[in-house]
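> Take this structure first; my questions come after.
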Ligand code: CA
């Protein structure tokens, strides 16, 4: 009886203690409300959803003390002005793609992707373990911001074209909606690049203001309806072998946060980074089936077109590096990292992927071969 009494009291004591500790910690923390300006419309639920996810997670981790509400492109500022809004303190934070801001500094491209660059695994390696994030944060210091990787689309599609691209000459005069430094690469081959935010592309393609557009991949492209106004769907988006989204925080606002809130936000961004790739990789195959079933004509870019573009891309990087020391610093580090990654990926990852995917293609072309093997 005595022993049972003791256990009961000890148990109660433990329970009270366990519950009381976080409660005390929570009451000591301030209530903070922030706004995220997203570069994306609500209809693109994976892209816009990443900002919502970050807000939801931060609230969960901080017992609802720190709340961040996401606003779509155009609700507070236009989609391509998120960095300006965060820098000015119009909003505390934003969710965007850094390559929208190559007009301010071309080195911002490395935070998202550059043509013929890294794939998603390699990009995350560079960011989280290879020194990339530190280099990118140096760039954002000039704009009073701190950045976090916060989403990745994976390798993208080449986009929707009204006419087929059979030779390099077919690029001449093509009015193509394409963002950032990839537009400058294609301009070397005669393309007239147009930077247009996601929600505004469809009317431009429908009216014929542009001849072609790229966006992300089957899941988003289907929602934006491009297949209704351009029938050729090209792959791969060789200018986006990966594409990272970034979460930007006004540095002063970041410095004012309690440490625990900073950890919560950093953790939520890292989770959003993984989750977005998982969502796209799950949703894209079904959407691709629907698009092709609905009449979209899949086309691979001809090898000579890709070779000419790759030569133009690296020529462009060298030219910018000669004029811009910040670009050169990031480019040199990125290029070295890229070459190490290629050494490693050629051995294990590529051998595995190329064997398994070649087998899958063989079975797809000749289903009876699989049945005969049984
Ligand atoms: Ca794209």
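The values are calculated or read from the model by the stated rules, or taken from the named source; none is laboratory data. What you see is a predicted model; the values in this text were computed from it and never measured. We place every Cβ from the backbone using ideal geometry, glycine too, and count neighbours over all the protein chains shown.
> I need the full set of residues from segment 92-128 which are over 17 Å from the mean Cα position of the chain (by Cα) and crowded, with 24+ Cβ neighbours inside 10 Å, in order please.
The one that is over 17 Å from the mean Cα position of the chain (by Cα) and crowded, with 24+ Cβ neighbours inside 10 Å: 106.
> Test of understanding: among 25, 59, 88, which residue is surrounded by fewer than 19 Cβ atoms within 10 Å (Cβ to Cβ) and at pLDDT below 95?
Values: 59 fails: at pLDDT below 95; 88 fails: at pLDDT below 95.
The unique qualifying residue is 25.
> Would you be able to say whether some residue in segment 162-169 is crowded, with 21+ Cβ neighbours inside 10 Å, at pLDDT 95 or above and touching a helix residue (DSSP H, G or I) at 6+ places or on another chain (Cβ under 9 Å)?
Checked against the condition, which is being crowded, with 21+ Cβ neighbours inside 10 Å, at pLDDT 95 or above and touching a helix residue (DSSP H, G or I) at 6+ places or on another chain (Cβ under 9 Å), segment 162-169 yields no hits at all.
> Look at segment 170-198 and say how many of its residues are surrounded by fewer than 18 Cβ atoms within 10 Å (Cβ to Cβ), in contact with a strand residue (DSSP E or B) (Cβ under 7 Å, 6 or more places away or on another chain) and farther than 20 Å from residue 304 by Cβ.
Final tally of qualifying residues: 2.
> So, in segment 200-234, exactly how many residues are out of contact with any strand residue (DSSP E or B) (no Cβ under 6 Å at 6 or more places or on another chain) and either within 11 Å of the ligand (Cβ to nearest atom) or not in a loop (DSSP other than H, G, I, E, B) (or both)?
Of segment 200-234, the ones out of contact with any strand residue (DSSP E or B) (no Cβ under 6 Å at 6 or more places or on another chain) are 200, 202-204, 206-209, 215-225, 227-229.
Then drop every residue that is not either within 11 Å of the ligand (Cβ to nearest atom) or not in a loop (DSSP other than H, G, I, E, B) (or both), which leaves 200, 202-204, 206-207, 215-224, 227-228.
Number satisfying all stated conditions: 18.
> Could I ask something else about it? So which residues in segment 71-85 are buried (at least 24 other Cβ atoms within 10 Å of the Cβ) and over 30 Å from residue 314 (Cβ atoms)?
Hit for segment 71-85 is 73, nothing else.
> Given the options 270, 278, 287, name the one that is touching a helix residue (DSSP H, G or I) at 6+ places or on another chain (Cβ under 6 Å) and modelled with pLDDT of 95 or more.
Checking each option against the conditions leaves just 287.
> Looking at 96, 120 in this structure, which one is more than 28 Å from residue 210 (Cα to Cα) and within 16 Å of the ligand (Cβ to nearest atom)?
120
> Do we find a residue being within 22 Å of residue 240 (Cα to Cα) and out of contact with any helix residue (DSSP H, G or I) (no Cβ under 7 Å at 6 or more places or on another chain) anywhere in segment 362-370?
No, there is no match, as no residue in segment 362-370 is within 22 Å of residue 240 (Cα to Cα) and out of contact with any helix residue (DSSP H, G or I) (no Cβ under 7 Å at 6 or more places or on another chain).
> Then there's this: Answer yes or no: is there a residue in segment 313-329 that is outside any helix (DSSP H, G or I) and within 16 Å of the ligand (Cβ to nearest atom). Before the answer, list the steps.
First pass over segment 313-329, keeping only residues outside any helix (DSSP H, G or I): 324.
Then drop every residue that is not within 16 Å of the ligand (Cβ to nearest atom), which leaves none.
No, the conditions are met nowhere in segment 313-329.
> I've got another one for you. Name the residue, out of 279, 262, 244, 251, that is crowded, with 23+ Cβ neighbours inside 10 Å and within 29 Å of residue 54 (Cβ to Cβ).
244
> Any chance segment 177-187 includes a residue that's farther than 13 Å from residue 115 by Cβ and away from the ligand (no atom under 16 Å from the Cβ)?
For segment 177-187, residues farther than 13 Å from residue 115 by Cβ and away from the ligand (no atom under 16 Å from the Cβ): absent.
One line per residue, one yes/no per condition, for (1) outside any loop (DSSP other than H, G, I, E, B); (2) more than 16 Å from the ligand (Cβ to nearest atom); (3) free of Cβ contacts under 8 Å to residues at least 24 places away in the same chain:
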{"residue": "245", "(1), (2), (3)": "yes, no, no"}
{"residue": "252", "(1), (2), (3)": "yes, yes, no"}
{"residue": "265", "(1), (2), (3)": "yes, yes, no"}
{"residue": "270", "(1), (2), (3)": "yes, yes, no"}
{"residue": "273", "(1), (2), (3)": "yes, yes, no"}
{"residue": "282", "(1), (2), (3)": "yes, yes, yes"}
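> Conditions first: (1) surrounded by 12 or more Cβ atoms within 10 Å (Cβ to Cβ); (2) touching a helix residue (DSSP H, G or I) at 6+ places or on another chain (Cβ under 9 Å); (3) not in a helix (DSSP H, G or I). Residue 299 passes all but one, so which condition is the exception?
With (1) surrounded by 12 or more Cβ atoms within 10 Å (Cβ to Cβ); (2) touching a helix residue (DSSP H, G or I) at 6+ places or on another chain (Cβ under 9 Å); (3) not in a helix (DSSP H, G or I) applied to residue 299, the lone miss is (2).
> When the residues of segment 154-169 are narrowed to those that are within 16 Å of the ligand (Cβ to nearest atom) and in contact with a strand residue (DSSP E or B) (Cβ under 8 Å, 6 or more places away or on another chain), which ends up farthest from residue 87 (Cα to Cα)?
So the residue we want is 161.
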